[in-house]
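Below is one structure, written out as structure tokens; the observations come after it.
The values are calculated or read from the model by the stated rules, or taken from the named source; none is laboratory data. From a predicted model like this one, the values you see are computed outputs, not experimental measurements. Cβ coordinates were reconstructed from backbone atoms using ideal geometry, including for glycine residues, and neighbour counts include every protein chain displayed. Keep in mind that these areas ignore ligands, DNA and RNA; they rest on the heavy atoms of the full protein, side chains included. Shrake-Rupley method; radii C 1.70, N 1.55, O 1.52, S 1.80 Å.
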Amino acid sequence: MTNNKRIKLGIFGFGCVGQGVYHVLNQTKGIKADIVKICVKDSKKERILDSSFFTTEPADLLDNPEIDVIVELIDDAEAAFNIVSYALKKGKAVVTANKKMIADHSEELYTLQQTYQVPLLYEAAACASIPIIRNLEEYYDNDLLTCIEGILNGSTNYILTGLTERTTTDFNTALREAQLNGFAESDPTLDIEGFDPRYKLSILILHAFGIFTNPSSLFTFGISRISTFDLEFARQRNLTIRLIARAKKENSTVTAFCMPSFIPSNHHLAAVRNEYNGVLVESLFTEIQFFAGKGAGSNPTGSAVVSDISALSYDYRYEYKKLKQKSATQLNEQSLLNLYIRFDDWSVVDMSVFETISERFSSKKNHYIIGEITLQNLRKADWIKNPAVNIIHFPKY
Ligand code: HSE
């Protein structure tokens, strides 16, 4: 792609993100990109653009020689993978926001980029408006990173902010607000149960440490079981609760998981409110750096997509530098995690799997322990499936 040529775009999907891309493109005068066609499910729907832009035929974009960049913004990850792989094989550059598709197919997508020598950019897929992937690729282009952790999901952060600050009294009301604001996935279970941030974590692990991970191999626990008892526990200790995804490198292994965590009220991540995301990057010599920005919503996500389109105009592509450096080689399941486990009956939890137990509490309806357990034993523990059990990471910051 040369600097002077205008980029011709074919867009798949015109929902929340697609419309954001249209608005941002329209107002970004410096960018030399034009929308040629948009592929949607229903071309008859009333839309802000003239109907001549819309088609229901993928081939009108994928086989259109005028279009050189495919922007993939649909919901269905498998359909998206078919579109993206076809486009790459045809030599069309691709920009996508589909975190599930990238996380589930990272290795195949990497190979396609290498084989066909075409770029695939996806900054919008992790933390929307925060340029974390490009920073991991370009600024942190060495193997001195030690940890990346943060709030990678806007909807759950919106819900947790409401619940912890007592501006919302009820989980479902907060969720409905997140949905109305266009933050939540069409299946909000993906947000609430932590699957969405797990996809993002898997992508960040690739760009931070150079490991392809199957997202389902990353231990994940969501926020749906957080109760008023847990919130009160946090309040009394001057803590807040956030859904945290973390990948920490030790030697050549990475310990990674996504679960609710107690965060001291004066910590960077506690100040990340509502749909904002926050990412802490730790490296040997810089120590901690903190990125924050809107992690969901039409315009913030659209803005990251437009930034990728713009990057294509100067031939930018991910080099997957950490992969080449073999910065880390595998996931570590032996690390000890300090956890708060709350439950309703002492017979529910198998105490024998804990290496240490530092606190035990009992009341009429709620009991808890605080103790250390290996990630491997936590994953194997059947009792965590019991809906009366909640788990919150209690890191030593
Ligand atoms: N549902 C996602 C979130 C959208 O709430 O963060 C942005 O990826």
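Quick look at the values:
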{"read-out": "Sparsely packed trypsin sites (Lys or Arg not before Pro) within segment 298-397, loop by DSSP, other Cβ within 10 Å at most 14", "value": "LYS326, LYS364, LYS365, LYS396"}
{"read-out": "Sparse-neighbour loop sites [chymotrypsin sites (Phe, Trp or Tyr not before Pro); segment 179-282; at most 16 other C-beta within 10 Å; DSSP]", "value": "PHE212"}
{"read-out": "Between helix 77-89 and the chain: long-axis angle, C-alpha atoms, 0 to 90°, nearest 10", "value": "40 degrees"}
{"read-out": "Computed Kirkwood radius, in angstrom, where 1/r is averaged over Cα pairs of segment 227-386", "value": "19.1 Å"}
{"read-out": "Cross-link partners of LYS364 among aspartates and glutamates (Cα-Cα below 14 Å; sequence separation of 8 or more within a chain)", "value": "ASP344, ASP345"}
{"read-out": "Cβ-based net charge around VAL21, under 13 Å, with every Lys or Arg adding one and every Asp or Glu removing one", "value": "-4"}
{"read-out": "Two-decimal Rg/Rh across segment 51-129, once Rg and the Kirkwood Rh are taken from alpha-carbon atoms", "value": "0.96"}
{"read-out": "Accessible area (Å², 1.4 Å probe, nearest 10) - THR169", "value": "130 Å²"}
{"read-out": "For the chain, calculated [θ]222 nm from helices alone, where every DSSP H run of n ≥ 4 adds -39500 (n - 2.57)", "value": "-9000 deg cm²/dmol"}
{"read-out": "Sequence-separation-based contact order of the chain, relative, with Cα cut under 8 Å and 6+ spacing, percent", "value": "19 percent"}
{"read-out": "Of LYS8/LYS89; LYS45/LYS92; LYS37/LYS200; LYS249/LYS326; LYS248/LYS380; LYS321/LYS380, pairs whose Cα-Cα distance is over 23 Å", "value": "LYS45/LYS92; LYS37/LYS200; LYS321/LYS380"}
{"read-out": "Accessible-area value, LEU375, 1.4 Å probe, nucleic acids and ligands omitted, Å²", "value": "0 Å²"}
{"read-out": "Within the chain, longest stretch clear of exposed GluC sites (Glu not before Pro) (DSSP loop, no more than 13 other Cβ within 10 Å)", "value": "166-318"}
{"read-out": "Relative contact order (percent, whole number), segment 35-81, Cα cutoff 8 Å, 6+ residue spacing", "value": "32 percent"}
{"read-out": "Alpha carbon convex hull of the chain, volume per residue in cubic angstrom", "value": "141 Å³"}
